[in-house]
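What follows is a single structure, written as structure tokens, with notes after it.
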Amino acid sequence: MADLTVTVVSADEQIWSGQARMVVARTKEGEIGVLAGHQPLLGVLAAGEVRITAADGGRITANAEDGFISVENDTVTIAARAAALV
């Protein structure tokens, strides 16, 4: 299975970066799941959890408040006004 390159950043710092199998995030339109091969996407984040399944099977969860999710060429960027790992 192909992996995603994922970066989660807040206005102040990088929260997490690495290879992942899947990302689930809440947008203004609803919750979305991203796997390798996903169509390009630019969405507006809603406050809530970003759940990442790392390439090694580990789980990473971050709370994110407002911002954007960008998906292109198996690269996912979460740019939030505020974000922290939980």
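Worth pointing out:
- Filter pass, Gly57 being at positive phi and either among the hydroxyl-bearing types (Ser, Thr, Tyr) or assigned to a strand (DSSP E or B) (or both): no
- Residue check, Thr53 farther than 11 Å from Asp3 by Cα and surrounded by 15 or more Cβ atoms within 10 Å (Cβ to Cβ): no
- Looking at Ala2, Ala83, just one residue is touching a Ser or Thr at 6+ places or on another chain (Cβ under 9 Å) and either outside any strand (DSSP E or B) or of a type outside the set (Val, Ile, Thr) (or both), and that residue is Ala83.
- Residue within the stretch 38-47 that is of a type in the set (S, T, N, Q) and touching a strand residue (DSSP E or B) at 6+ places or on another chain (Cβ under 6 Å) present: no
- If the condition is being under 22 Å from Asp3 (Cα atoms), touching a residue at least 40 places away in the same chain (Cβ under 8 Å) and surrounded by 15 or more Cβ atoms within 10 Å (Cβ to Cβ), then the stretch 65-86 contributes Ile69, Asp74, Val76, Thr77, Ile78, Ala79.
- Residue in the stretch 11-25 that is touching a residue at least 60 places away in the same chain (Cβ under 8 Å) and part of a strand (DSSP E or B) present: yes
- Among the residues of the stretch 30-40, those identified as surrounded by 14 or more Cβ atoms within 10 Å (Cβ to Cβ) and assigned to a strand (DSSP E or B) are Ile32, Val34, Leu35.
- Within the stretch 41-50, considering residues that are in a strand (DSSP E or B) and not β-branched (Val, Ile, Thr), the one surrounded by the most Cβ atoms within 10 Å (Cβ to Cβ): Leu45
- Residue tally, condition out of contact with any Lys or Arg (no Cβ under 7 Å at 6 or more places or on another chain) and within 14 Å of Leu85 (Cβ to Cβ), over the stretch 60-75: 4
- One residue from Ala82, Ala11 being at pLDDT 95 or above and small (Gly, Ala, Ser): Ala82
The values are calculated or read from the model by the stated rules, or taken from the named source; none is laboratory data. Only a predicted model underlies this, so the values are computations on that prediction, with no experimental measurement involved. In this analysis, Cβ positions are derived from the backbone assuming ideal geometry, glycine residues included, and neighbour counts consider all displayed protein chains.
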